[in-house]
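Worksheet: the structure to be examined is printed underneath.
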Amino acid sequence: MHYHCEIIMPKTKNIEEAIETIMKPFSKNNKDTDGPTGNEFWDFYVIGGRWAGSKEICGYDENKISEFYKALRDKKITISGLTFGKQSVDPPSQIPIVDQLWNEFFPTENGEIIPCPKFSHSNNQYDSGDFISCDICLVEEIPEKLFCSRIIIAGPSYDDTIIEAKFMLCESQWNGVNHMPIDWNGSVKTAINMFEKNCKNYNEDYRKKVLPKPDWLSITVDYHS
């Protein structure tokens with residue numbers, strides 16, 4: 001199955017390389033270890049993917065989203081019965097109508113016409129280079145209603161050579177027999193607050209170094225497990 005992960009991390013020149021470093025210890029594909037550690041949770045991931053545009057969408061009023069869907073029904077827009085990730089407009093000849101409606105309901109600040117992020121034509125869900133702009137945003141721009149299945153808060157290592165995971169939460173954890181629920185509601189902002197409380201006994205200098213700042217990044221990642 002595919003899951004939505006948000007990675008909180010400091011700004012860096014090479015985002016994809018930093019994410020690879022953060023994610024690597026938890027890969028089911030690792031061949032340079034003595035065997036499974038029990039911490040592996042993914043075998044494929046991509047920036048954005050089927051959750052591309054999640055930050056944009058959850059920032060909108062739910063009633064307005066409902067009005068948008070009603071407008072689609074009024075236009076008799078049809079959707080493919082086969083879904084792999086986001087739903088697909090079928091036939092594709094209807095896509096211009098869908099995008100026009102989306103931009104009427106949710107115009108961009110600069111007037112740019114964008115594909116409707118609710119549907120698969122908005123991005124290539126298997127290409128990290130084809131994400132939607134809001135998939136990489138600043139921590140201070142994270143919507144209040146942003147929820148995900150897993151969050152990783154990453155920061156500099158002790159020797160400042162790499163960016164690595166410092167804190168992680170997920171909806172549930174496999175204990176060898178069954179999945180155990182985690183005391184976390186899935187809210188990204190709640191997870192950041194939990195990490196801040198977790199750090200209260202850290203050395204002050206180190207605490208300042210690893211705590212997320214407003215200008216750190218929040219990156220939407222689609223991973224398969």
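Please treat every number below as a calculation from the coordinates, not as lab data. Everything numeric in this text was worked out from a predicted model, so none of it was measured. A quick note on method: Cβ atoms are made from the backbone with ideal geometry, for glycine too, and the neighbour counts reach across all protein chains shown.
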Taking the chain on its own, what percent of its Cα-Cα pair distances exceed 26 Å?
42 percent
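Relative to the Cα centre, what is the charge dipole magnitude of region 54-122, using +1 at the beta carbon of each Lys and Arg, -1 at the beta carbon of each Asp and Glu, and rounding to the nearest 20 debye?
300 debye
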Computed over the Cα atoms, what is the radius of gyration of region 173-213 divided by 2.2 N^0.38 Å, N being its residue count?
1.52
Charges at C-beta only: +1 for Lys and Arg, -1 for Asp and Glu. How large is the resulting dipole of region 78-157 about its Cα centre, in Debye rounded to 20?
360 debye
Just to confirm the number: angle between the C-alpha axis of helix 188-198 and the first principal axis of the chain, 0 to 90 degrees, nearest 10?
10 degrees
Debye intensity ratio in log₁₀ form over the Cα atoms of region 21-109, taken at each q of 0.14 Å⁻¹:
-0.69
Lys pairs, region 49-152 - Cα-Cα below 24 angstrom, 8 or more residues apart or on other chains:
20
Once the other residues with Cβ under 11 Å from the Cβ of residue 46 are scored (Lys, Arg +1; Asp, Glu -1), what is the net sum?
-4
How would you order 152-160, 3-11 from highest to lowest mean count of nearby Cβ atoms within 10 Å?
3-11, 152-160
Exposure proxy order (Cβ contacts within 10 Å, fewest to most) of 68, 84:
84, 68
If you take every residue apart from residue 223 with its C-beta less than 12 Å away from the C-beta of residue 223, what net charge results, scoring Lys and Arg +1 and Asp and Glu -1?
-1
